[in-house]
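Enquirer: Here you go, one structure.
What follows is calculated from the coordinates using simple rules that are stated; it is not laboratory data. Just so you know, these numbers come straight off a predicted model, no measurement behind them. Cβ atoms come from the backbone with ideal geometry, glycine included; neighbour counts cover every protein chain shown.
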Amino acid sequence: MGAPIVHLEFKSADFDRTAAFYAKLFDWRTEKNASSSYMKLDSSDGPSGGWVRADLVQAPGPIAYLTVDDLPAKLAEVEKAGGRILVHSLPFAGGGEVGLFADPDGNVLGLWRRKAGAPGARRWRSRSRSPRRRSRSCAARPPPPPWSRRRWCSP
């Protein structure tokens, strides 16, 4: 699958009511941010999720976010394919930046470029970088980041 859904956002006119509703039905736990404009779903399985205060939302329904490596390039592809850009770039509290677009039918989707080094983010490499010197000793190499599947040294 190309770009999986990694985050879902819904709107809520009353965070307390929304939190009580989902806690009662599914034992979901939520947490409001300091400005009370966003309420995060505390979940370890599945995509992350949350609710935006209804007066701040312009989308007609929930927004699914997909990860991309290059936000400006993907938004340019969206326009060429017939979509409409709603937001070019906003910082994302979880790391990185997001953009929003509407498809030709008016459905709103989000694109999320994770900050380099954030869990799940891909490592950015310049094609023009000079060759790295490789150490012969595994002890001299830094350990791989926790989100990496790569093993730099054999056990």
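Enquirer: Taking strands (runs of 3 or more DSSP E) that do not extend beyond the stretch 1-88, which have at least 3 residues that are within 19 Å of the chain's Cα centre (by Cα) and of a type in the set (A, V, I, L, M)? Even if it seems obvious, please write down each step before you answer.
Expert: Working: elements: 5-12, 29-32, 38-42, 48-53, 63-67.
Once the strands (runs of 3 or more DSSP E) in the stretch 1-88 are filtered for at least 3 residues that are within 19 Å of the chain's Cα centre (by Cα) and of a type in the set (A, V, I, L, M), what remains is 5-12, 63-67.
Enquirer: Let me ask something else about it. Which residues, taken from the stretch 72-107, are in contact (Cβ under 8 Å) with a residue 40 or more places away in the chain and over 18 Å from SER48 (Cβ atoms)?
Expert: Kept after step one, since they are in contact (Cβ under 8 Å) with a residue 40 or more places away in the chain, are these residues of the stretch 72-107: 93-94, 100, 106-107.
Answer for the stretch 72-107, where residues must be in contact (Cβ under 8 Å) with a residue 40 or more places away in the chain and over 18 Å from SER48 (Cβ atoms): GLY106, ASN107.
Enquirer: What number of residues in the stretch 89-103 are surrounded by 15 or more Cβ atoms within 10 Å (Cβ to Cβ) and not in a strand (DSSP E or B)?
Expert: Adding up the residues that qualify gives 4.
Enquirer: Which of (1) within 23 Å of LEU111 (Cα to Cα); (2) free of Cβ contacts under 8 Å to residues at least 24 places away in the same chain does ARG29 not meet, given it meets every other one?
Expert: If we test ARG29 against (1) within 23 Å of LEU111 (Cα to Cα); (2) free of Cβ contacts under 8 Å to residues at least 24 places away in the same chain, just (1) comes out false.
Enquirer: Right, something else. Looking at (1) within 24 Å of ALA102 (Cβ to Cβ); (2) crowded, with 17+ Cβ neighbours inside 10 Å, find the lone condition where ASP55 falls short.
Expert: (2)
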